[in-house]
Amino acid sequence: MTALPTPQQLWLSFFFSKKNNGAKRSEAILNWIAMSTFELKTHQVGKTYSNPHFFILNKGLNSGKPLLKSCANCFVVTTTTEEVKHTLFHLSMMLQIGGFYAYYLKGSVIPFISRDDCRNTLKNSFISLINNEFQLQKHINIVSAISKKEDELQKVISKMADLKVSYIQSLFSKMQKEAI
């Protein structure tokens, strides 16, 4: 296993390279940046993490769904900062909702996503959006606002269902009392 180059080594190789492979160099730098900002591993039940982290479900039709609490079938994504964690969490949510993880599901009885497929999907999406940090934050804010509104509406729907059950129970209770 080779060690990752330091940022200084990358910049020196960028400026002093004899070949004019600008696209390959910038791709290598972006790849290094993405890989140095997060690490994705299989979660071991009972293990605790000190760095900022979140979990990604890896089995079932909801594979790729980001979670704040661990479960038996998940990966753990550890990051360098809370800001990166927040960005990657919402990026993973967008990839799962958009069905980008579903493409990589394997298995006929219980579908699952492999660690490499999950890591590469998250890494490639992060790289493609890191060039324009403003746009990325704009998209995350929009998806967060939609999710928040969705949660509020789910609570209203739940209360409406409770109201319907309560009304029906009181109606039949009243009818039973009249029958006696």
Taking all protein chains together and a probe of 1.4 Å, list 101, 167 from the most accessible to the least accessible.
167, 101
Beyond 18 Å, how much of the Cα-Cα pair distribution for the range 88-178 remains, as a whole percent?
64 percent
Order 114, 108, 170, 63, most accessible first, counting only protein heavy atoms with a 1.4 angstrom probe.
108, 170, 114, 63
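Leaving out ligands, DNA and RNA, what percent of the accessible area of the range 63-112 is carbon and sulfur, probe 1.4 Å? The partial results should precede the final answer.
Working: 1710 of 2750 Å².
Of all accessible area on the range 63-112, carbon and sulfur atoms account for 62 percent.
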Using only protein heavy atoms and a 1.4 Å probe, report how much of residue 43 is accessible, in Å² to the nearest 10.
10 Å²
Using a 1.4 angstrom probe and counting only protein chains, how large is the accessible area of residue 37 in Å², to 10?
20 Å²
Along the charge dipole of the range 116-179, which of 167, 142, 179 sits closest to the positive end, that is, farthest toward it, with unit charges on the beta carbon of Lys, Arg, Asp and Glu (+1, +1, -1, -1)?
179
Counting only residues 5 or more apart in sequence or on a different chain, those whose built amide H sits under 5 Å from that of residue 65 are 57
How much accessible area does residue 83 have with a 1.4 Å probe, in Å² rounded to the nearest 10?
130 Å²
Derived scalar couplings ³J(HN,Hα) [the range 107-113; Karplus, 6.51 cos²θ - 1.76 cosθ + 1.60; whole Hz; x for Gly, Pro]:
x, 9, 8, 10, x, 8, 10
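Excluding residue 38 itself, what net charge comes from residues whose Cβ is under 11 Å from its Cβ, given Lys and Arg +1 and Asp and Glu -1?
Numbers: positive: 41, 85, 119, 123; negative: 39.
My count for the surroundings of residue 38 gives +3.
Skip the ligands, DNA and RNA, and give the accessible area per residue of the range 30-139 with a 1.4 Å probe, whole Å². Present the calculation step by step, with values, prior to reporting the outcome.
Values: 6100 Å² over 110 residues.
Value returned for the range 30-139: 55 Å² of accessible area per residue.
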FRET efficiency (residue 155, residue 116; Cβ distance; R0 45 Å; to 0.05) is 0.75
Using heavy-atom solvent-accessible surface (probe 1.4 Å) with all chains present, what is the largest-first order of 172, 75?
172, 75
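The values are calculated or read from the model by the stated rules, or taken from the named source; none is laboratory data. Given the structure is predicted, the values throughout are model-derived calculations rather than measurements. Using ideal geometry, Cβ is built from the backbone for each residue, glycine included, and neighbour counts are taken over all protein chains shown. For the accessible areas, the whole protein counts, side chains as well, though only heavy atoms, and no ligand, DNA or RNA atoms are used. Shrake-Rupley method; radii C 1.70, N 1.55, O 1.52, S 1.80 Å.
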